[in-house]
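Report on the following structure.
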Amino acid sequence: MDMELNPIGTVESVLTDLKAAPRQGDEGVPDAWLVFDSAVLDGLDGIRPGDEIIVITWLHLARRDAVRVDPRGEESRPEQGVFSTRSPHRPNPIGLHRVV
């Protein structure tokens, strides 16, 4: 089965290096902004400040060949299957983010 993914925007933040990114949302994550393509702006009508939405991202810097990883990147922890972790490195590097 083939799938096509069409980006409708980007995420902007002060983070520029994958290694500098916190592993969890409660570990000092800086603010980020969603920047939408002008062609989809009408689709945002009805979303208000403070609304909770789910954002799907494509983790473009992630490795696609990882099926086993050290949880949290710590080699002292036993390897696990990537789908039981929050690693961005996975065959389909899709991120789900609850945002307000």
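Every number here is computed from the coordinates shown, using simple stated rules; none is lab data. Predicted model, so just to flag it, every value in this text is computed and none were measured. Note: ideal-geometry Cβ built from the backbone for every residue, glycine included; neighbour counts use all protein chains shown.
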| For the charge dipole of the chain, defined by +1 on Lys and Arg C-beta atoms and -1 on Asp and Glu C-beta atoms about the Cα centroid, which residue among PHE36, MET1, SER84 has the Cα displaced farthest towards the positive pole? | SER84
| Convex hull per residue volume in Å³, alpha carbons only, for the chain | 139
| Between ASN6 and ALA21, what is the spin-label point distance in nm, taking each point 7 Å from the Cα along the Cα→C-beta axis? | 2.5
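Between ASP42 and ILE94, what FRET efficiency follows from the Cβ-Cβ distance if R0 is 30 Å, with the result rounded to 0.05? Don't skip to the answer; put the middle values down first.
Numbers: r = 25 Å, r/R0 = 0.84.
With R0 = 30 Å, the Cβ-Cβ based efficiency is 0.75.
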| Can you give the FRET efficiency for SER13 and GLU79, using 1/(1 + (r/R0)^6), R0 = 30 Å, r = Cβ-Cβ distance, to the nearest 0.05? | 0.50
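Rounding to the nearest 20 debye, state how big the charge dipole of the chain is about its Cα centre with +1 on each Lys and Arg Cβ and -1 on each Asp and Glu Cβ. Intermediate values should be presented prior to the final figure.
Numbers: 11 positive and 17 negative charges, 89 e Å.
Dipole magnitude for the chain comes out near 420 debye.
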